[in-house]
Each structure stands twice: as C-alpha cells, then as structure tokens.
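Have a look at the structure below, then the notes.
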Amino acid sequence: MSVEIFINIAPRESRAALLEDGVLQEVHIERASRRGIVGNLYKGRVTRVLPGMQAAFVDIGLARTAFLHAHDIAVDEAGIDAQRVANEGGSGGPAGAPASPDAAAPEVAAVPDIRRLLRPGDDLLVQVLKDPMGSKGARLSSFVSLPSRYLVFMPRGSGIGVSARIADEAERQRLREAMQALVAAGHPGGYIVRTAAEGVDAARLAADLDYLERLWAQVRERSLRAAPGGLVHEDLPLARRILRDELARGVARVLVDDAAELAQLEAFVRDFLPREAPQLELHAAPRPIFDLHGIEAEIDRALEREVPLRSGGHLVIDQTESMTTIDVNTGGFVGHRDLEDTILRTNLEAAAAIARQLRLRNLGGIIIIDFIDMQDAANRERVLAALRQALAADHAQTGIAPMSPFGLVEMTRKRTRESLERQMCEPCSACEGRGRQRSVETVCQDILRALLRQSRQQAAGEALLVLAHRDVVERLLGEEAAALAALEAAAGRPVRLQAETLYAVDRYDVVVA
C-alpha cells in the first residue's frame, strides 16, 4: 500500500491529507483560532466537585470548565494531598492509564470518594484527553503521557507495554527486554513501546527515553511557575505531529506547499526520524495542492449527507448530538441474479465505503448502521466480516456488536477531536439551526484560495472584487486582514470587498473589478 501525505499551509489554517493508494482517507485541520488541545498539559484549578458523578470540573483557562473523573486522578502528584487520602481510608488511584492508541488501558483499581481526592481550589497538573465538543468541555486526566517517536512515557505510571500492532511475538519480547534493561538502570515511570519501534535498536530507545525524561523535568518546572489555568506544555503543530504519528506506516512521499514549513519538516525528520525519512517535496505548481490532487472536491463531498456507491446505491449519513446513523440504500442498483444477491453486493460495497467515511469525516461515539435486510444468516456474517476487515486500517479504536435480525449494526469509534463537519460548519441561521452551513471562517478561507486562483488566471494589475455576506466581509477586514494584505502583495493586485445583503453566509463571488 502506497501512503502519501499532502500538507497545505495558509496564514491561519493548516491542513493535512492522508492518501492510501491515491484515495483520500483522512483530513486533519488546524486553525489558529481553534487549535486542537488533545495532549496539552495545563495547570488546572478545581472549581466544583460532584460526588454523585465521582468527578470534578476543572478550570484550565478555556471558555468551558473541563471534566475530570476520579479514575483519572493521580493521588500522589500535583497538589493532591496523598496523606489526606490515606488518613481517610482511601485506596490509591490506578497505576497509570496510557493515553496512547498503541496499547490498551490497564485494569483500573478502585478509587476513594472524589471528595477525598479533590476539593474546590486545589491546583493540579492535567492533560487533555478529548477536545471540547459541542456543549461539552474537555476531558482531562492527571496521569500524564508524553509521546516521542518510539515510546510513550507515563511519569505517574509503572510497567512496560508493547504496542498491540506489533504482531511478531519474538520482536515484542526483544523490545520488552530492551526496555526492562533500560528501566532497571534507574529510569522511573511507565512506558509503552510504540509501533514505530519495530526493528529499532536499544540505543535509539535509550535516546528516546532520555529525551522524554528531560521533557518531563521541564514540564514539572513549568508547572510550578504557571498560574492556574495556564498552558504548561503544548503538543507539536499539525504538520510535524502528522509526520511523527504516520511515518511508521511507510509513507512514501510528503508534499508541502510552503517552503518555510518544508524546511522545518526537513529539520524535524533529520533530528528525530532519520530512519523513516520519506521523500519531502515542495509543491511549486501554480494550481493549489488540494485542488490539483482532487482533495478539495473530496472534502466538499464529505460534508454532504449522501454518499454514492459505484453500484448505483448510496449511503445517507446523519450526525446528531448523541449518535451517528448511516442508512444503506440500493438506489438504482437492480442486480443481475436475484434480490438477495443484489442486497448482499450493495451491503458489501457499503461496508467498505462506511469504513472510509468514518475515517474521512472523523465520526465517533455511537454509530448505528442500517444495512439492507438480508434473509440469509451467512450473508449477514459476510457483511459484518467485511466491515471489520475494512475498519482494521483505522487508527481509532472501534467496537462492533453482532448484526441484528433487522440488519442493524451498533458500533463505537473512539473520538478525541471534532468531526470534519463540526470543524468546518456551523448551524444554519436561515433555517434556525435545523441544518448546517459553512462557517464564516471557512468561507473566508475559501475566498482567499479563490483569490489566489483568480489572480493567477488574470492579467497582472487588474483589481479583484469579492461579493459576500456582510459577516464574511467584516471578518476579512478584521481577523483575516493580515492574510488578505499578504495575498494582495503576493498577487500584485488590489482586492475590493463588497457586502451583499441577499447573499447567504456560504455564498460568495470573485470577479474582475
């Protein structure tokens, strides 16, 4: 399988696309106004303790307080009074829960009442497990995990785990013994050996281990100086994070459309990932990188409700607050043999398409799939097996229940960030929130790309006029003013903005003035 990564850098937005054998599988978006915070460390302050939920709300400096469950609290660190817990008869917290998808979480020990662990006003170091989503605040843990290329370090954990994705038992044993020898030399904490470490020698593991311990020392020092609600440690920016996490899969090429970002990626690969160095290239063609490779069109299609199947059938995907539902329809496909065969073929094709759409749209939580009813139990098992096989390549943890007699499949997919739709869209003001439309920020980014395309097609010096909704124009003149000015300078032509009262938020036109 050939894996490629295309990276698009804009003044206030970075995007990364992961393609497998030329087919778009994942899209990651990071915006300056709303950067993901999973993996970040904060000095939090407890604002409220909820005994009935065995949880607490913690202020980490965001608009909404974050949620911390008792099982995710380390008793002996960062402002929590371990002696208070011991005196009141509580047991210790869990030995450490890894936040890495490379290994399963260990069995969780019993914890004391939340009121023995935390009180309002307590300060503690916490790590974000899940971004804020919808009306929910971020999910936190005080069991810190710090990833490097080959290891995940859990300063408050213990033991050594090896990624379940390393299938060779001899290699698993070699890595475990190598880490045990290193840890026996006086390195504290728990470790997970990541998938990327397969075939790596002990010297590289030792270098990673030393790096993580130095990083943890810096984090502890910063946490002591930080004010409550302050950021203590931030994860890598999108482009470098994608390289760190994906190169173990044998990425053949990374194409970047920004020379400065390319130089940073080259330095990052040279310093941290020399063994997996892919072919790093600068996209210098006049046509934008996502346009040229069809990614922009794929993103647009991923925001639609209906997904066509090659056979003529289609999927209908609806995302709600509580779950996502996927309906499979035969559409215009009539088959060539009998009805059961037609339904089976449609369901098998739908299973592969659903697995791709879950990754592409980053759909998570509870997912209900309504396959077309099949009379034959063997056919139902074939469809379920096809779905499991298609989901095997998904990084996110999934769980699938048996298919019901009505063709319904209940499944879950772990999510740590917002879906593509909720990143790029907002409730529609025209229909009072019953539907969704592209957000003002998304439309501004679309306009900036359209101006860049138009400037390359028109004669130099000709002014361009943007007709758009008033809110879009106001944002272009405000938060996006610097990006617009930089584009005017690069294109060598002025850009005029005109608000149109009859335009919807997601409608705009770019014309020669």
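The values are calculated or read from the model by the stated rules, or taken from the named source; none is laboratory data. The structure displayed is predicted, hence computed values, not measured ones. Because the Cβ atoms are built from the backbone with ideal geometry, glycine has one as well, and the counts that use them run over all protein chains shown.
Observations on the structure shown:
- Residue within the range 233-246 that is within 24 Å of Asp123 (Cα to Cα) and modelled with pLDDT under 90 present: yes
- Residue list for the range 267-280, filter: exposed (fewer than 13 other Cβ atoms within 10 Å of the Cβ) and not in a helix (DSSP H, G or I): Gln279
Here is a yes/no grid of residues against (1) buried (at least 18 other Cβ atoms within 10 Å of the Cβ); (2) under 18 Å from Arg415 (Cα atoms):
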| site | (1), (2) |
| --- | --- |
| Lys136 | no, yes |
| Ser141 | yes, yes |
| Ser148 | yes, no |
| Leu151 | yes, no |
| Ser163 | yes, no |
| Ala167 | no, no |
| Leu175 | yes, no |
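- Hey, Val49 touching a strand residue (DSSP E or B) at 6+ places or on another chain (Cβ under 8 Å), of a type in the set (Val, Ile, Thr), outside the structural domain of Ser135 (by TED's automatic domain parsing) and not in a loop (DSSP other than H, G, I, E, B) or not: no
- Cβ-Cβ distances below 9 Å connect the following pairs, each with a first residue in the range 104-121 that is closer than 30 Å to Thr195 by Cα, a second residue that is modelled with pLDDT of 55 or more and in a loop (DSSP other than H, G, I, E, B), and a separation of six or more residues or different chains: Ala104/Ala164; Ala104/Gln397; Pro106/Gly157; Pro106/Gly159.
- Contact annotation: residue pairs with Cβ atoms under 7 Å, 6 or more positions apart or on different chains, pairing a residue in the range 280-306 that is without any contact (Cβ under 8 Å) to a residue 24 or more places away in the chain with a partner that is part of a loop (DSSP other than H, G, I, E, B), are Leu292/Ala285.
- Flag for Ile166 being assigned to a loop (DSSP other than H, G, I, E, B), in contact with an Asp or Glu (Cβ under 7 Å, 6 or more places away or on another chain) and touching a residue at least 24 places away in the same chain (Cβ under 8 Å): yes
- Thr330 among the polar types (S, T, N, Q), closer than 23 Å to Glu410 by Cα and out of contact with any helix residue (DSSP H, G or I) (no Cβ under 6 Å at 6 or more places or on another chain): no
- Residues of the range 323-358 that turn out to be modelled with pLDDT under 95, assigned to a helix (DSSP H, G or I) and in contact with a strand residue (DSSP E or B) (Cβ under 7 Å, 6 or more places away or on another chain), as a count: 2
- Filtering the range 202-222 for residues that are in contact with a strand residue (DSSP E or B) (Cβ under 6 Å, 6 or more places away or on another chain), acidic (Asp, Glu) and on the phi < 0 side of the Ramachandran plot leaves a non-empty set.
- Considered as a group, the residues in the range 390-420 that are of a type in the set (Asp, Glu) and surrounded by fewer than 18 Cβ atoms within 10 Å (Cβ to Cβ) include one that is nearest to the chain's Cα centre (by Cα), and that residue is Asp394.
- Within the range 482-507, being touching a Lys or Arg at 6+ places or on another chain (Cβ under 9 Å) and in a helix (DSSP H, G or I) holds for Ala482, Ala483, Ala491.
- Exclusive hit being modelled with pLDDT of 85 or more and part of a helix (DSSP H, G or I), set Ala206, Ala196: Ala206
- Screening the candidates Ile366, Ile372 for the property of being assigned to a loop (DSSP other than H, G, I, E, B) and at pLDDT 90 or above yields one hit, Ile372.
- Among the residues listed as Val219, Val256, the single one being farther than 14 Å from Phe153 by Cα, buried (at least 16 other Cβ atoms within 10 Å of the Cβ) and touching a His at 6+ places or on another chain (Cβ under 7 Å): Val256
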